[in-house]
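To start, the structure under review is shown below, and the notes come after it.
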C-alpha cells in the first residue's frame with residue numbers, strides 16, 4: 001500500500017511514522033508513506049498557502065492553487081483514492097479501516113486554518129472526520145488513518161490475526177485481559193482463565209465482551225444489529 005500525505009507540517013507525520021510498528025512496516029516495504037509539503041507548490045512569491053475569505057469573516061482559508069498543483073504532481077494521482085481530513089466528513093469507524101485496506105494507493109490532505117477553499121473539495125473523492133471535535137490541523141487525523149489501516153495489513157503486526165479480537169472489530173468492545181501476577185492487591189485473575197478449558201474461556205470472553213459493550217457502548221450493539229452483525 002502506498003500513502004501520500006499532503007501537509008504543511010511534515011515533521012508531525014515523519015516523527016510518528018519513524019517509530020515502532022509503522023516504522024518497521026515501512027522498512028519491510030509492506031507500506032510506503034510519502035510526506036509532501038504542499039507549501040513548496042505555492043505560486044506566491046512568499047509561498048503563501050492561505051488568504052482571507054471572500055465576503056469577510058475571521059480566520060484564513062487554504063488556497064486551491066498550491067493543493068491542486070501538489071496533487072497533480074503525484075504519479076498515479078488520478079487512480080488514487082483522494083481523502084480530505086475535515087470535521088465535515090464522514091465519521092471514521094473500524095469498518096472504514098477494513099475497507100481502506102483494499103486500496104492500493106491513497107492520498108490524504110491535512111487541512112489547516114479556518115477551512116478549505118470550496119473548490120479544493122472538487123479535487124478529492126472522500127471526506128473523513130475522526131470525531132465530533134475540531135483540531136488545529138488534519139495531521140492527527142491523517143495519522144489515525146495511517147495507523148488504523150496499516151495494522152490490519154498482513155505481516156504488519158506479526159501476530160497472526162490478533163486484530164480480529166480488537167474492540168470495534170465485531171461491533172463489541174474487547175473482553176478484559178489479565179497477566180502475571182495471579183493476585184495483586186487482593187484482586188485475583190478469574191478462575192476460568194486458569195482452568196485450561198478453552199471452550200469455557202472463550203464463552204467467558206464473549207460474555208464479558210457483551211457485558212462491557214452493553215455498559216459502555218450500547219450504540220455499538222445497535223449499529224451491529226442494524227448491519228446484521230450482532
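The values are calculated or read from the model by the stated rules, or taken from the named source; none is laboratory data. Since the model is a prediction, treat every value here as computed from it, not as a measurement. Here the Cβ is made from the backbone with ideal geometry for all residues, glycine too, and neighbour counts use every protein chain on show.
Among the residues making up segment 185-217, a single one is exposed (fewer than 10 other Cβ atoms within 10 Å of the Cβ) and closer than 30 Å to residue 92 by Cβ: 215.
All conditions but one from (1) at pLDDT below 95; (2) loosely packed, with under 12 Cβ neighbours inside 10 Å apply to residue 182; the one that does not is (1). The residues of segment 45-75 that are free of Cβ contacts under 8 Å to residues at least 12 places away in the same chain and under 17 Å from residue 6 (Cβ atoms), listed by number, are 47, 72, 75.
Yes/no matrix, rows are residues, columns are (1) surrounded by 13 or more Cβ atoms within 10 Å (Cβ to Cβ); (2) modelled with pLDDT under 95; (3) in contact with a strand residue (DSSP E or B) (Cβ under 7 Å, 6 or more places away or on another chain); (4) not assigned by TED's automatic domain parsing to the domain that holds residue 109:
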residue: 7; (1), (2), (3), (4): yes, no, yes, no
residue: 14; (1), (2), (3), (4): yes, no, yes, no
residue: 20; (1), (2), (3), (4): no, yes, no, no
residue: 32; (1), (2), (3), (4): no, no, yes, no
residue: 41; (1), (2), (3), (4): yes, no, no, no
residue: 47; (1), (2), (3), (4): no, no, no, no
residue: 50; (1), (2), (3), (4): yes, no, yes, no
residue: 53; (1), (2), (3), (4): yes, yes, yes, no
residue: 59; (1), (2), (3), (4): no, yes, no, no
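Quick check: is even one residue across segment 139-162 farther than 22 Å from residue 18 by Cα, in the same structural domain as residue 37 (by TED's automatic domain parsing) and surrounded by 14 or more Cβ atoms within 10 Å (Cβ to Cβ)? No, every residue in segment 139-162 fails to be farther than 22 Å from residue 18 by Cα, in the same structural domain as residue 37 (by TED's automatic domain parsing) and surrounded by 14 or more Cβ atoms within 10 Å (Cβ to Cβ). Residues that are more than 16 Å from the chain's Cα centre (by Cα), over 25 Å from residue 151 (Cα atoms) and not in a strand (DSSP E or B) occur in segment 3-10; there is at least one. Residues in segment 31-44 that are part of a loop (DSSP other than H, G, I, E, B), over 13 Å from residue 147 (Cα atoms) and touching a residue at least 24 places away in the same chain (Cβ under 8 Å) were compared, and the one that is farthest from the chain's Cα centre (by Cα) is 43.
Segment 76-152 holds strands (runs of 3 or more DSSP E) entirely within its bounds, and those carrying 2 or more residues that are touching a helix residue (DSSP H, G or I) at 6+ places or on another chain (Cβ under 8 Å) and farther than 24 Å from residue 227 by Cα map to 81-91, 105-110.
Checking each residue in segment 13-25 for being farther than 9 Å from residue 35 by Cβ, in contact with a helix residue (DSSP H, G or I) (Cβ under 9 Å, 6 or more places away or on another chain) and assigned to a helix (DSSP H, G or I) picks out 16, 21, 22, 23, 25. Is segment 68-75 home to any residue that is in the same structural domain as residue 129 (by TED's automatic domain parsing), surrounded by fewer than 16 Cβ atoms within 10 Å (Cβ to Cβ), over 14 Å from the mean Cα position of the chain (by Cα) and assigned to a helix (DSSP H, G or I)? Yes, because at least one residue in segment 68-75 is in the same structural domain as residue 129 (by TED's automatic domain parsing), surrounded by fewer than 16 Cβ atoms within 10 Å (Cβ to Cβ), over 14 Å from the mean Cα position of the chain (by Cα) and assigned to a helix (DSSP H, G or I).
Residues that are within 17 Å of residue 71 (Cα to Cα) and either without any contact (Cβ under 8 Å) to a residue 60 or more places away in the chain or over 15 Å from the mean Cα position of the chain (by Cα) (or both) within segment 117-152 comprise 117, 118, 119, 120, 121, 122, 123, 124, 125, 126, 127, listed in sequence order.
Can you confirm whether residue 78 is free of Cβ contacts under 8 Å to residues at least 12 places away in the same chain, over 25 Å from the mean Cα position of the chain (by Cα) and farther than 14 Å from residue 111 by Cα? Judged against the criteria, residue 78 is not a match. The combined condition, being free of Cβ contacts under 8 Å to residues at least 24 places away in the same chain, over 13 Å from the mean Cα position of the chain (by Cα) and either crowded, with 16+ Cβ neighbours inside 10 Å or farther than 23 Å from residue 65 by Cβ (or both), is fulfilled by residue 102.
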